[in-house]
1. From the set of residues in region 79-106 that are in contact with a strand residue (DSSP E or B) (Cβ under 7 Å, 6 or more places away or on another chain) and hydrophobic (A, V, I, L, M, F, W, C), which is surrounded by the fewest Cβ atoms within 10 Å (Cβ to Cβ)?
2. May I ask you to say which residue of Ala99, Ala65 is within 30 Å of Ala148 (Cβ to Cβ), under 13 Å from the mean Cα position of the chain (by Cα) and assigned to a helix (DSSP H, G or I)?
3. Please go through region 170-201 and give me each residue that is within 13 Å of the chain's Cα centre (by Cα) and either free of Cβ contacts under 8 Å to residues at least 60 places away in the same chain or assigned to a helix (DSSP H, G or I) (or both), ordered by number.
4. Please work out which residue is farthest from Ala64 (Cα to Cα), limiting yourself to region 17-52 and to residues that are small (Gly, Ala, Ser) and either touching a Phe, Trp or Tyr at 6+ places or on another chain (Cβ under 9 Å) or in a strand (DSSP E or B) (or both).
5. Only one of Asp111, Asp119 is of a type outside the set (Phe, Trp, Tyr), free of Cβ contacts under 8 Å to residues at least 60 places away in the same chain and out of contact with any His (no Cβ under 7 Å at 6 or more places or on another chain). Can you tell me which?
6. Please give the number of the condition Gln105 fails out of (1) over 16 Å from the mean Cα position of the chain (by Cα); (2) over 30 Å from Val177 (Cα atoms).
7. List the pairs whose first member sits in region 24-43 and is at positive phi, whose second member is surrounded by fewer than 17 Cβ atoms within 10 Å (Cβ to Cβ), and whose Cβ atoms are under 6 Å apart, counting only residues at least 6 apart or on separate chains?
Amino acid sequence: MELAWPRRCVGCERLGVLLCERCEAAAPVIATERACPRCGAPYGVLICTECYATDGPLPLSFSAAVSAYQFSGVAARLVTIYKDQHERRLAALCAERLARAIPRQWLGWADLLAYIPADRAKIRARGFDHMRLVAEHLTTLTGLEVCACLQKKGGEDQRALNREQRLRNLAGMLECVCPERVSGRRILLIDDVITTTATVEAASAVLIGAGAREVRVASVCRVY
């Protein structure tokens, strides 16, 4: 595989490495101590404009969220190349960055590791479910059991939609396929990018509806 398709840095395309030291240093890491502890938005620790509206906080089904990077520069290329250019070797790198971002106490708190699945059409197009692969790598780093408890039906591409439009688009799209495993459990839910929190909110609501005790969220990137 290296001879036919050698690995390249996602930032500068240097041969032989997926992310070189220089590009790693330039990646926009989110400092957890400055981020909103509720939705994970960077710099929202005091006043978060992402999950607090003029009439009060947005209702969220998950109790906390963290992200490794802001979705820009090298970090945006990391996710985009992984998903859209099918560079599966980046799954392990995404898992490593998630493992760094997830607070250590969360690992003792969580009973199960869940992920936002791709729909069948996207799995056929890519040849793999990108977050399932990340979850499989992450379980070896954290010791958490992976549970493929969510299933996603096809729907409109969400990249150009706002939060309200995404929530409407997601209505009925996600379902819990094994409520007996979820009931009474604390779930750590992972995704590649949190943009408006609509997807992780919809997934968390489904898990809580299936009996999950609590859901916390972690993502590789956060749009801000």
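The values are calculated or read from the model by the stated rules, or taken from the named source; none is laboratory data. No experiment lies behind these values; they were computed from the predicted model shown. Cβ sites come from the backbone with ideal geometry, for glycine too, and all protein chains shown count toward neighbours.
1. Only one residue fits best here, namely Trp106.
2. On inspection, the qualifying residue turns out to be Ala99.
3. Across region 170-201, the qualifying residues are Thr196, Ala198, Thr199, Val200, Glu201.
4. Ala27
5. Step by step, each of Asp111, Asp119 is checked, and only Asp119 is of a type outside the set (Phe, Trp, Tyr), free of Cβ contacts under 8 Å to residues at least 60 places away in the same chain and out of contact with any His (no Cβ under 7 Å at 6 or more places or on another chain).
6. Of (1) over 16 Å from the mean Cα position of the chain (by Cα); (2) over 30 Å from Val177 (Cα atoms), only one is false for Gln105: (2).
7. As it stands, the answer is Tyr43/Arg34, since those pairs meet every condition given.
Yes or no, residue by residue, for (1) at pLDDT below 95; (2) small (Gly, Ala, Ser); (3) surrounded by 23 or more Cβ atoms within 10 Å (Cβ to Cβ):
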{"residue": "Tyr115", "(1), (2), (3)": "no, no, yes"}
{"residue": "Arg132", "(1), (2), (3)": "no, no, no"}
{"residue": "Gly154", "(1), (2), (3)": "yes, yes, no"}
{"residue": "Leu170", "(1), (2), (3)": "yes, no, no"}
{"residue": "Pro179", "(1), (2), (3)": "no, no, no"}
{"residue": "Arg185", "(1), (2), (3)": "no, no, no"}
{"residue": "Leu189", "(1), (2), (3)": "no, no, yes"}
{"residue": "Ser204", "(1), (2), (3)": "no, yes, yes"}
